[in-house]
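Every number here is computed from the coordinates shown, using simple stated rules; none is lab data. Keep in mind that what you see is a predicted model, and the values were worked out from it rather than measured. Cβ placement follows ideal geometry from the backbone for every residue including glycine, while neighbour counts extend to all protein chains displayed.
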Amino acid sequence: MAFDIISALESKTGLLTVNDVASILSISTGTVNRMIRTRKIPSFLVGGNRKFDPAQLIRWVVKKNPKIMDGRNVQRTEPSQ
């Protein structure tokens, strides 16, 4: 499922609206707005309208689902210290 979301986001050009994000994530606009209010999803204001950068959302999805990398079920490794 996360890979489908990433694919959908990669196909988008320009900034996304609340409706766009709700559709891509298969959730309601109310849920997207609640996630915005609680700062659980990256977004910003443009002229008083909430917008989303597809690249930021991809990073957010990968962070929330660390096993999803490049469409494969691969775990991210942290650099050795």
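General remarks:
- Pairs of Cα atoms nearer than 8 Å and 6+ residues apart set the relative contact order; for segment 2-73 it is 38 percent.
- Separation in nanometres of the label points that stand 7 Å from Cα toward Cβ, at V46 and N19: 1.5
- Note, ³J(HN,Hα) from phi for segment 45-59, Karplus 6.51, -1.76, 1.60, rounded to Hz, x at Gly and Pro: 9, 10, x, x, 10, 6, 10, 9, 8, x, 5, 5, 5, 4, 4
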